[in-house]
Amino acid sequence: MALIDALFKTLIEQGGSDLHLSEGQPPKIRVHGEVTPIRDAVLTHQEMHDMLSEIAGPHRWERYEQRGDLDFAYEMDSTSRFRCNFLKQVNGYGAVFRIIPTEIKTLDQLGVPPVIRTFAHYKGGLVLVTGPTGSGKSTTLAAIIDYINSTMNKHIVTIEEPIEFVHQNKKSIITQREVPENTPSFSRGLKAALREDADIILVGEMRDLETISLALTAAETGLLVFGTLHTNNATKTVDRLIDVFPADQQQQVRTMLSASLRGVIAQLLMKRCDKPGRIAVNEILVANPAVSAIIREGATQKLPDVIVAGKGEGMQFMDDSIMKNLKAGIVSGHEAYMKAIDKSRFQEYIKN
């Protein structure tokens, strides 16, 4: 048993999602969005060194000491996996651990809009799942991959940093590759996937020009590509993808994206007020001829009008999804106001 396992057990017993360790501070856990300390004594340099180096192992520890950052996954036992991020901070060592559920929830269990299932049936193209860190993007993507794995005969290649959900082969073959353990970068992994007879590629993070460019090329050549971005609505997602490229390439990228984009699922997690826990809310853009034309023209400010007109196709605004949960008594007026994009719509629901 590793030294850190005692803290992980406390996290699990208290129903928390994250463990925060920072030299010079007491250990803290996040439970339903709130961060609280779990003891009074602060973490010393030696204690941090012993706990972190033990689970990292010598090879990773050396990399962390050189670079000051490290991402990997740690399995405490067959039912407990953690996504680990080591960092250096002003007082010394630091680390944040996110608990990864070992059971992959289905799309039905997550309660996501039914249209999300249709994205799994596309023969090719790009589907983006977006949202801030900790908004459940990985959970939603794992459910989509599991749905494909359970119902179709495909070869799915995932490129992740680190691997969070471990998929067992069902009807499909799943090849999971971790950055930098199995492939040096997302772009290198994506380039290799084009030669690995894949039908579907999951790119854990589309954070640089080369990765985004390769993902667009793969989507254009008939592969179904799922990717994630840290944006909070459909319009910002399209803008972010295009803005990554130099100005002289942007028109060509608009043309590629207009042909290959299939949909955007933006997601936020909201604190429930009816019972402990959190609920996901989504904005959904389904690419249709109007969306393609808007992207090609570079007129993304018109996308909200298309979402309004596309309700019959399953499209919806983030704020409408928030309002629905507010009216149903699932989230509070304050929580709705804080998470909303257009705050004025929710002004009247804030308690004085």
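The values are calculated or read from the model by the stated rules, or taken from the named source; none is laboratory data. Keep in mind it's a predicted model, so treat the numbers as computed, not measured. So basically every Cβ, Gly included, is an ideal-geometry build from the backbone, and we count neighbours across all protein chains shown. The protein model used for the area step is the full one, side chains on, heavy atoms only, and it has no ligands, DNA or RNA in it. Shrake-Rupley method; radii C 1.70, N 1.55, O 1.52, S 1.80 Å.
With bins 5 Å wide beginning at 0, the percent of Cα pairs of the range 1-145 falling in each bin runs 2, 8, 16, 19, 17, 13, 10, 7, 5, 2, 0, 0. Bridgeable lysines around LYS105 (alpha carbons under 18 Å apart, same-chain partners fewer than 8 residues away excluded): LYS137, LYS170, LYS171. Backbone amide hydrogens, once placed in the peptide plane, bring ARG278 within less than 5 Å of ARG272, excluding anything fewer than 5 places away on its chain.
Per the Debye formula with a single identical scatterer at each Cα and no solvent contribution, what log10 I(q)/I(0) holds for the range 170-230 at q = 0.12, 0.19, 0.29 Å⁻¹? Values returned for q = 0.12, 0.19, 0.29 Å⁻¹ are -0.26, -0.65, -1.45.
How would you order 48-56, 134-142 from highest to lowest mean count of nearby Cβ atoms within 10 Å?
Numbers: 48-56: 18.2, 134-142: 21.2.
Ranking the peptides 48-56, 134-142 by packing returns 134-142, 48-56.
Would you mind telling me the share, in percent, of accessible area of the range 281-345 contributed by carbon and sulfur at probe 1.4 angstrom? Roughly 56 percent of what the probe reaches on the range 281-345 is carbon or sulfur. What the phi angles of the range 204-213 give under the Karplus curve with 6.51, -1.76 and 1.60, with θ = phi - 60°, is a coupling list of x, 8, 9, 10, 9, 4, 5, 5, 5, 4 Hz, glycine and proline written as x.
Please determine, in degrees from 0 to 90 and to the nearest 10, the orientation of helix 318-327 with respect to the longest principal axis defined by the Cα atoms of the chain, where the helix direction is its Cα long axis. With both axes taken from Cα atoms, the answer is about 70 degrees. A cut-off of 5 Å between modelled amide H atoms, ignoring neighbours fewer than 5 places along the same chain, links ILE330 with no other residue. Classified by the C-alpha gyration tensor, the range 226-315 has a prolate form. Its axis ratio a/c, with a ≥ b ≥ c, is 1.5 or above, and a/b is larger than b/c. Shown in residue order for the range 268-277 are the 3J(HN,Hα) couplings computed by the Karplus curve 6.51 cos²θ - 1.76 cosθ + 1.60 at θ = phi - 60°: 10, 9, 10, 6, 6, 10, 8, 6, x, x Hz (x for Gly and Pro).
Averaged over every viewing direction, what's the projected area of the C-alpha convex hull for the chain? Give it in nm², one decimal, please. Show your work: numbers first, answer last.
Numbers: hull surface 77.7 nm².
Across all orientations, the chain yields a mean hull projection of 19.4 nm².
Using the Karplus relation 6.51 cos²θ - 1.76 cosθ + 1.60 with θ = phi - 60°, the per-residue 3J(HN,Hα) values for the range 332-342 come to 7, x, 5, 4, 4, 4, 5, 8, 5, 7, 9 Hz, with x marking Gly and Pro.
For the range 1-54, rounded, prolate or oblate, judged on the Cα gyration tensor with a ≥ b ≥ c (square roots of eigenvalues), a/c < 1.5 rounded, else prolate if a/b > b/c? Don't jump to the answer; show the numbers that get you there.
On the way: a/c = 2.32, a/b = 1.40, b/c = 1.66.
Since a/c reaches 1.5 but b/c is at least a/b, the shape of the range 1-54 is classed as oblate.
Listed by chain and number, the aspartates and glutamates whose C-alpha is less than 17 Å from the C-alpha of LYS271, apart from same-chain residues fewer than 8 away, are ASP18, GLU34, ASP319, ASP320, GLU335.
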